[in-house]
Each structure stands twice: as C-alpha cells, then as structure tokens.
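So the structure is just underneath, and the comments pick up after that.
The values are calculated or read from the model by the stated rules, or taken from the named source; none is laboratory data. Computed from a predicted model, the values in this text were never measured in an experiment. Virtual Cβ from ideal backbone geometry, glycine too; neighbours counted across all protein chains shown.
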Amino acid sequence: MKKLIIYSSFHKGNTEKVAKAMAEAIRADLVKIGEADGVKLEDYDLIGFGSGIYGGRPDAAMMSFIEKLPGNLGKKAFVFTTCGFGKSGENSVMLQELRRKGFEVLGGFACRGFTDYGLLKIVGGVSKGRPNEKDLLDAKNFALRFIEYA
Ligand SMILES: Cc1cc2nc3c(=O)[nH]c(=O)nc-3n(C[C@H](O)[C@H](O)[C@H](O)COP(=O)(O)O)c2cc1C
C-alpha cells in the first residue's frame, strides 16, 4: 500500500519537521502543498494532511486543496497540525472537510511549534524549541499506528 503526506509549513518549518518524521517512520512519499496539484492521488491508499495553524485555521492553500478534491476517492487519511499556543483541536477543520469529502479519517495529531510572529517577538516567541525530540517521537508513533495499512 502506498502512502503520501501532503503538508503546508511556511512559517518556521515546524510542520515540515513533523511531516518528515512521520514520512520516514511509515515510508510515505512527501510533498509540499504547492507541489501537490501534480500528484496522482489515485496511486495512494493512505494520505496524511498536515499544516501549521495561522489565525486559528490551517493554511488556506491546504483547505482549498482539500475542498477541490473530487469526492469519494475511497482513501484513508490522517491529519496533523502544529500551533504556537492554540488548541490541538484545530486540526478538526481539516478532519471534518476530509470526512465530508468521503475520506476515512483514521486520526489526528497535534503538537506545539515555535513562533515569534507579530508581538510575540517582544517576548522572544512562544513554544521555543518545539517541535522537540519528544514531539517528533510522538509524531512517528502516531503515524506508525497506520503502518498496518502499508
Ligand atoms: C500568520 C501567523 C498566524 C498564526 N496564528 C496562530 C494561531 O492562531 N494560533 C496558534 O496557536 N499559533 C499561531 N501561529 C503560530 C504557528 O501556528 C506555529 O508557529 C506553527 O508551528 C507554524 O507552522 P510552520 O512553521 O510549519 O509554518 C501563527 C503563526 C503565523 C505566522
């Protein structure tokens, strides 16, 4: 079974670190959101969707990519997000949209990611050093739950 991870990570590369850790763990192909249009999703059985959280939402480019997908592709999916200070439940936006599209969403993962965006610079940023080694190990273990689909 072929696996793919599509991710968006334009701020600090935090989500990219998580995406790479997961992809390595389950031997998934890895593609950035800007390059995902050319990918033949039909070739894959399991697809992971990951994004940073910006203004309380996943990247708009990721959401519009998901919204434009044809319905009922018959694929399994998982979602993951990184955010500076928000709630992990923010990945539910992607999860819900994927379910609406007919994906079988197997689960979601979230962890903190460093940010010094805007006024946070004054205090040197928040979630320093995140994702850290433990976050990346948790991400790998999360993804490995789906290895049975491999
Ligand atoms: C424009 C912008 C808006 C952000 N909004 C939020 C937010 O609403 N909630 C939050 O917890 N973090 C917020 N952050 C922090 C990011 O979610 C965090 O740094 C994330 O790990 C970035 O992922 P990336 O490095 O993969 O792009 C924001 C960062 C930026 C640049």
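Among the residues of segment 84-102, which ones are closer than 23 Å to Ile26 by Cβ and touching a helix residue (DSSP H, G or I) at 6+ places or on another chain (Cβ under 9 Å)?
The answer is Met94, Glu97, Leu98, Lys101.
If I go through segment 92-122 residue by residue, how many of them are under 19 Å from Asn141 (Cβ atoms) and touching a residue at least 40 places away in the same chain (Cβ under 8 Å)?
Of the residues in that region, 4 qualify.
Give the residues of segment 103-150 that are surrounded by 13 or more Cβ atoms within 10 Å (Cβ to Cβ), among the β-branched types (Val, Ile, Thr), away from the ligand (no atom under 12 Å from the Cβ) and more than 17 Å from Ala25 (Cβ to Cβ), sorted by residue number.
Correct list: Val105 only.
So Phe85 ticks every box in (1) part of a loop (DSSP other than H, G, I, E, B); (2) touching a Phe, Trp or Tyr at 6+ places or on another chain (Cβ under 9 Å); (3) not β-branched (Val, Ile, Thr) but one. Which box is left unticked?
Single failed check for Phe85: (2).
In this structure, is Val31 at pLDDT 95 or above, of a type outside the set (Ser, Thr, Tyr) and away from the ligand (no atom under 11 Å from the Cβ)?
Answer is yes for this residue.
Checking Ser51 against (1) of a type in the set (Ser, Thr, Tyr); (2) buried (at least 20 other Cβ atoms within 10 Å of the Cβ); (3) farther than 22 Å from Lys140 by Cα, which single condition isn't satisfied?
Failed condition: (3).
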